[in-house]
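Have a look at the structure below before the remarks.
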Amino acid sequence: MNLMIHLSLFGVLAALLVAVYIYRHWLENHDDPYIHLHNDSHDDSIISTQTVMGRRLETVDKVKTGLIVAVIVYAIAIAAMGVFSAWNSSNG
């Protein structure tokens, strides 16, 4: 049981989580914050673009939530492995 491999994988997961946060922030900055309620052809394209952007943000939020859970659970598992290994080495 090599702890460095698990810590490296944890670092990759944490970096991926940071990348998802940055991507979500970038999506929010490139979104149109105004609500368009007119019935002309220009607003129809903006409304459809906003709908697509909203779906994309929802998908990114689901991925972000899953990654947060994975990072936390993996960190707890690594900590438990470290404690178990330290406990076994002190008893031996």
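Just so you know, all these numbers are worked out from the coordinates, no wet-lab data involved. Note that this is a predicted model, so its numbers are computed, not measured. Here Cβ is always computed from backbone atoms with ideal geometry, including for glycine, and neighbour counts include all displayed protein chains.
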- Apply 1/(1 + (r/R0)^6) to the Cβ-Cβ distance of Lys62 and Asn2, taking R0 = 35 Å, and write down the FRET efficiency to the nearest 0.05. 0.65
- Tally Lys and Arg at +1 and Asp and Glu at -1 over the other residues with C-beta under 12 Å from the C-beta of Asp61: what net charge comes out? +3
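For the chain, what ratio Rg/Rh do Cα atoms give with a Kirkwood hydrodynamic radius?
1.31
So if I place +1 on the C-beta of Lys and Arg and -1 on the C-beta of Asp and Glu, and nothing else carries charge, what would the dipole magnitude of the chain be about its Cα centre? I want it in debye, nearest 20.
Details: 5 positive and 8 negative charges, 132 e Å.
In debye, rounded to 20, the chain gives about 640.
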- Of the residues Leu16, Ser89, Tyr34, the Cα lying farthest along the dipole of the chain towards its positive end, which is defined by charges on the beta carbon of Lys, Arg, Asp and Glu, belongs to Ser89
- Where the centre of each part is set by its Cα atoms, how far does the stretch 48-73 sit from the stretch 1-31, in angstrom? 13
- Query: For Trp26, what is the net charge nearby, where nearby means another residue's Cβ is under 15 Å from its Cβ and Lys, Arg count +1, Asp, Glu -1?
  - Reply: -1
